[in-house]
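Sharing a structure with you now.
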Amino acid sequence: MPVAVPGAVSRAASLVRRRVPTCVLGHAGPPSLGDGHAVDRYVPIASLTKVVTGTALTRMAAAGVLGLDDPVERWLPAAPATGITLLDLARHTSGLPRLPPGPLPDRDPYAAFDLPALHALLPRLDTLAVGPPGSGEEYSNFGYAILGAALTAAAGTTYEELATAYVLRPLDIAEMTAHPAPERCLQAPGLFGGSRRPWTMDGAILPAGGLWATPRAVADLVVRLLVERRLGDPAPSWIRTGSLVWHNGATRLASLFAGAGDDGSWVVVHRLNAEPEETDRLGVTLLGQGRRPG
């Protein structure tokens, strides 16, 4: 058996290391771009989609379309009475598990989780919960999929249509969608010049993490929701840490951090092929120090 030479292995690894396209936008200056990222190309925004979903919930409640404390079964009658409200789903206090039950393939985990699959699970909500509603926080993509289904039932339209009507159009944001034109998308670079295939997230999981947007549209979303407060107080989807209001998101290929301080500072960091924890640290550092990477 041949023995690997550490130096040679290290040099070989560096030659095939994937690029990490990075885009940083914020209050402190012009966009900072690296490794082929762009402000005008569509990229997955992962769980930042939850902010759009939560904002749609509060806007629909304000318009009298539904109530924040409506039980899930009001809008999804196949669900049993569990005590779970729409606000519980938005706050991750529903007691539902993080992921939909059943096998989730590593390569494309949500591809088979379509609306029929979601509706087939509704009658089992009382047995799928890992705890009683309101008793604690359990981050749940599954819960946001159910929230999105409830909102579409209340609105009588598709998720994209209600997101546009209640959130994106009032904020004058156009470059955010579940189905961007392929030629406008920026794919994660693969090895040897190829690209990596993104997850399929336009089914039932869409309200939890399936939107795509240009980084400049994400920046507009953050500024108009958190700094300018054009639609009122931030939705319960946002995470609050001291004076910082933020959210992150990650898929296998993309990671994002977006947040704002109570002093008007804000930052958006989007990276492809990056570790989500590193993206979060970069965003928090930039927001806390009010500066950009060198």
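Working from the pairwise distances between different alpha carbons, so that the mean of 1/r is found and then inverted, what is the stretch 154-234's Kirkwood radius in Å?
Numbers: mean 1/r = 0.0697 Å⁻¹.
Every distinct Cα pair counted, the radius reaches 14.4 Å.
If packing is taken as the mean number of other Cβ atoms within 10 Å per residue, what is the order of 128-136, 77-85, 202-210, highest first? All intermediate terms of the calculation are to be shown ahead of the outcome.
Details: 128-136: 14.3, 77-85: 16.8, 202-210: 24.4.
Answer by packing, highest mean first, reads 202-210, 77-85, 128-136.
From the list (i) 20.1, 64; (ii) 19.9, 72; (iii) 18.8, 57, can you say which value of Rg and Dmax of the Cα atoms in Å was derived from the structure given?
Entry (ii).
Given the chain, what percent of its DSSP beta bridges are antiparallel, to the nearest 5? Let's see the in-between values first.
Working: 32 of 33 bridges.
If I count the DSSP bridges inside the chain, around 95 percent turn out antiparallel.
Express the relative contact order of the chain as a whole percentage, based on alpha carbon pairs under 8 Å and six or more residues apart in sequence. Intermediate values should be presented prior to the final figure.
Details: 569 pairs, mean separation 79.6, N = 294.
Value for the chain: 27 percent.
Sticking with this one: Take the solvent-accessible surface of the protein heavy atoms, probe 1.4 Å, and return the percent of it on the chain that carbon and sulfur atoms account for.
Numbers: 7140 of 13370 Å².
Answer for the chain is 53 percent, counting heavy atoms of protein chains only.
Rounded, prolate or oblate: pick one for the stretch 136-176, where a ≥ b ≥ c are the square roots of the eigenvalues of its C-alpha gyration tensor, a/c under 1.5 means rounded, and failing that, prolate if a/b is larger than b/c, else oblate. Provide the component values of the computation, followed by the final result.
Numbers: a/c = 2.89, a/b = 1.61, b/c = 1.79.
It comes out oblate by the Cα gyration axes.
Rounded to the nearest whole Å², what accessible area per residue is found for the chain with the 1.4 Å probe?
Numbers: 13370 Å² over 294 residues.
Averaged over the residues of the chain, the accessible area is 45 Å².
Among Leu186, Leu96, Leu256, which one moves the most in a GNM of the chain with springs linking Cα atoms closer than 10 Å?
In this elastic network of the chain, the residue with the biggest mean-square fluctuation among Leu186, Leu96, Leu256 is Leu186.
Between the stretch 76-93 and the stretch 170-208, how many Å separate their Cα centres?
Spelled out, the Cα-based centre of one part sits 29 Å from the other.
The values are calculated or read from the model by the stated rules, or taken from the named source; none is laboratory data. Small disclaimer: the values here were computed from a predicted structure and weren't measured. All Cβ positions, glycine included, derive from the backbone under ideal geometry; neighbour counts span all protein chains shown. The area values use the complete protein model at the heavy-atom level, side chains included, leaving out ligands, DNA and RNA. Shrake-Rupley method; radii C 1.70, N 1.55, O 1.52, S 1.80 Å.
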